[in-house]
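Visitor: Below are the structure tokens for one structure; questions will follow.
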Amino acid sequence: MTALGPGDVESLTALDATAQARLVRTGQATAEDLVTAAITRIEALNPHLNAVVTQVFDRALEQVRAGLPDGPFTGVPYLLKDLITEQEGVPFREGSVFLRDHVSRHDQELVRRLRAAGLVVLGKTATPEFGMSPTCESVLYGPTRNPWDTTRTTGGSSGGSAAAVAARMVPAAHGNDVGGSIRFPASCCGLFGLKPNRARVPLGAAYGDAFGGWACEHALTRSVRDSAALLDAVAGPEPGDPYPAPMTRGSFANQARQEPGRLRIAFSRRPADGHRVHADCLAALDDALGLLSGLGHELVEADLPGLTPDVGDATGTVYGAGLSWILAYWIRELGREPRPDELEPLTRAYWEHGLRLTGGDYLLAVTTLQRFARTAARFLSRFDTWLTPTLAQPPLPLGEMTSTEDEPLRAAERSAPLVAFPAVVANITGAPAMSVPLYWSRGGLPIGVHFLGRVGDEATLLRLAAQLERARPWADRDPNRPTTLTWHDPAAGPDLGKGHFLQPPANGDGHDGGESG
């Protein structure tokens, strides 16, 4: 490998993917320099964070030395989440003991597109078992730790990728989202997380869709421009896809360079299910409102209508049916059923629930949710986006959202207060959504705010996110150097300057302020 000193590694890994790619194009660094720096960083930090669960370093270096495609991200190191997206010849386990010996036999279409863009895949990142929990604490791999506070969750299910990007192992990493799994970890780890519109990125060759169109593929990034350019590199239908995404106007990267204009933004501070919201999360919302107002946007307090108990029940039916489908798929692929010790208690409980459902139950749930989607679309026809906190609690301590044999549903019950705001609405409706990292608590924990867009309108979200990033940059915030942060009092109004880190008090635990209704 290229001999890089500590300063070289630090300098290279501090850059986003766009800047790293520019170094290669201009000859200021080689692809091997970038890949070697990322490997060095992973080897140093992964024993503490447990973010990367499969390493393919030798394979990556062989690809670099053999020559890479000329793409927008040539030479930039990347990681794949170990869920849905397969890479031929690489172990693929989806966080489950049941799949511990499985090796992928094909490349997913997304992997082919990432490779054509010049990205170099260094390995796979941690996920909860089959992605069914908002924390990465699988029995197979153990807990993945948040770089901002290693006693706390990264969020899930793309938590391994989020930890790796936040810790600057790689500038960006793959994620997917069936109910918040890109946006929750983005909030917990201080990253930008865009869930694209339904069908924007294909799921072939293995799948046409997943969870009835709820599953979306994209990435976790430190910068908005990386997210937009990555989406340009992989978006577009594959022949045989079950349905298309709405057409877009020009490239996503170009959209992110444009001003959003004056937007009409609805906002809400109340979850539909009555869970209490932590004061830090409300402070993050109020801080975002102050910033948006200062930027000239119109703000209207309005709750999203239609979030009735039958919508919640229907959502649970889809998740139960989805888990039943996952297990049926792998039983067919492996030629056997899982043994009792090969599934976690939560997974088995969801599976058993799914087996009790009928086809009629599932289709009736789909009918209910499609009716709700029409209600949501009518609401968003009056606004450009809908704003809430991404999560209702700061990142919870590790172990808080895990199940036991005696309490198989404990993980779901304990995570409900965290995920009280309805991120799943974006999956139900197919609309794009994003978590934006504008706020850090006094305890030094990142807390994101969530914007739900209109169907097919990633452009407005990306323009708004880029405006917020210019007004309140976050990409240079580094959990490895928290002492560089400066405190800004939200009561003093929006800070339109460069920094908005909150310096932890001497005894800060990240949960000061208690809960608020």
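Quick note: the coordinates plus some simple rules give every number you see, no bench work behind them. Because the structure is predicted, anything quoted here is derived from the model rather than measured. Note that each Cβ is placed from the backbone with ideal geometry, even for glycine, and that neighbours are counted across all protein chains shown.
Visitor: Which values, in whole Å and largest first, are the semi-axes of the equivalent ellipsoid of the stretch 222-281 obtained as the square root of 5 times each eigenvalue of the Cα gyration tensor?
Guide: Rounded to whole Å, the semi-axes are 31, 19, 14.
Visitor: Tell me which trypsin sites (Lys or Arg not before Pro) from the stretch 46-115 have a DSSP coil assignment and no more than 14 other beta carbons within 10 Å of their own.
Guide: Those that pass, being in a loop and sparsely packed, are 100, 105.
Visitor: Here's a follow-up. Under a Cβ-only charge scheme (Lys and Arg +1, Asp and Glu -1), can you give me the dipole magnitude of the chain about the Cα centre, in debye to the nearest 20?
Guide: 1160 debye
Visitor: I would also like to ask the following. Over the chain, what relative contact order in percent results from Cα pairs under 8 Å that are six or more residues apart?
Guide: 16 percent
Visitor: Between residue 299 and residue 247, how high is the FRET efficiency from 1/(1 + (r/R0)^6) when r is the Cβ-Cβ distance and R₀ = 35 Å? Nearest 0.05.
Guide: Once rounded, the FRET efficiency stands at 0.70.
Visitor: Determine ³J(HN,Hα), in whole Hz, for all residues of the stretch 270-287 in sequence, where each value follows from phi through the Karplus function 6.51 cos²θ - 1.76 cosθ + 1.60 and θ = phi - 60°; x replaces Gly and Pro.
Guide: 3J(HN,Hα) across the stretch 270-287, in whole Hz: 10, x, 5, 8, x, 4, 6, 10, 5, 4, 5, 6, 5, 5, 4, 5, 4, 4.
Visitor: What spacing in nm lies between the two simple spin-label points modelled at residue 207 and residue 404, each 7 Å away from Cα in the Cβ direction?
Guide: Going by the 7 Å Cα→Cβ label model, 3.2 nm.
Visitor: Spelling out what I want: for every residue of the stretch 296-309, take phi, set θ = phi - 60°, compute 6.51 cos²θ - 1.76 cosθ + 1.60 (Karplus), and round to whole Hz; glycine and proline get x.
Guide: Result, rounded to whole Hz: x, 7, 8, 10, 10, 6, 7, 7, 5, x, x, 7, 8, x.
Visitor: Here's a follow-up. Restricting to DSSP loop positions (anything but H, G, I, E, B) with no more than 16 other Cβ atoms inside 10 Å of their own Cβ, which trypsin sites (Lys or Arg not before Pro) remain in the stretch 301-399?
Guide: 336, 382
Visitor: Counting only residues 5 or more places away or on other chains, whose amide H sits under 5 Å from the amide H of residue 449 once H atoms are built in the peptide plane?
Guide: 390, 436, 438
Visitor: For the stretch 1-131, what does the convex hull of the Cα positions come to per residue, in cubic angstrom?
Guide: 109 Å³
Visitor: Find how many whole Å separate the alpha carbon centroid of the stretch 243-312 from the alpha carbon centroid of the stretch 160-228.
Guide: So the separation of the two Cα centres works out to 18 Å.
Visitor: Would you calculate the convex hull of the Cα atoms in the chain and tell me its volume per residue in Å³?
Guide: Dividing the Cα hull volume of the chain by its residues yields 139 Å³.
Visitor: Taking 0.36 nm per residue of separation and subtracting the Cα-Cα distance, what length does fully extending residue 102 through residue 378 add?
Guide: Additional length available on full extension: 94.9 nm.
Visitor: Kirkwood-based Rg over Rh for the stretch 111-259 (C-alpha set), two decimals?
Guide: The Rg/Rh ratio comes out at 0.96.
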